[in-house]
1. So which residues in region 58-100 are open to solvent by 50 Å² or more (accessible area, probe 1.4 Å), in a helix (DSSP H, G or I) and closer than 30 Å to residue 32 by Cβ, if there are any at all?
2. Being in a strand (DSSP E or B) and modelled with pLDDT of 90 or more, is that true of even one residue in region 28-47?
3. What are the residue pairs meeting all of these: first residue in region 28-53, first residue open to solvent by 90 Å² or more (accessible area, probe 1.4 Å) and among the charged types (D, E, K, R), second residue in a helix (DSSP H, G or I) and at pLDDT 95 or above, Cβ atoms under 6 Å, and 6 or more apart or on different chains?
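The values are calculated or read from the model by the stated rules, or taken from the named source; none is laboratory data. These figures come from a predicted structure and were not determined experimentally. Backbone-built Cβ (ideal geometry, glycine too); neighbour counts: all protein chains shown. The accessibility values were calculated without ligands, DNA or RNA, using every heavy atom of the protein model including side chains. Shrake-Rupley method; radii C 1.70, N 1.55, O 1.52, S 1.80 Å.
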Amino acid sequence: MNDIARDPLRTQSGGHQNIPDSRGINFFHVDPDLGRLLRLYLGDAPYRELEPQLKSLGQRVSDELDAWAISADHNPPQLRHRTRRGEALQTIVKHPDYVALERVA
């Protein structure tokens, strides 16, 4: 018996059907309360100035940032204690996608 027959929510790709795909969603647009709160705390003029960046970031979250996050989850930072010759090194090696997420943050 295969896994799909045992777990009807499991799909051929190994995922679950009950977890919605958020690719292509602009997270700023789907959360109207965030915009209202920001306008309340920032004021109208600063909010209008930031709004294009917030819309852009809201779209990036479900596109490139999501892809980077999946990759970074699979490739977490690693602490390297020593070089191949046994010399003390104490450095952290980060995957490029992890570094890209840090830059955006």
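1. 59, 60, 61, 64, 68, 70, 73 - these are the residues of region 58-100 that are open to solvent by 50 Å² or more (accessible area, probe 1.4 Å), in a helix (DSSP H, G or I) and closer than 30 Å to residue 32 by Cβ.
2. Our first condition is that a residue be in a strand (DSSP E or B); within region 28-47, this holds for none.
Within region 28-47, not a single residue is in a strand (DSSP E or B) and modelled with pLDDT of 90 or more.
3. Pairs found: 39/47.
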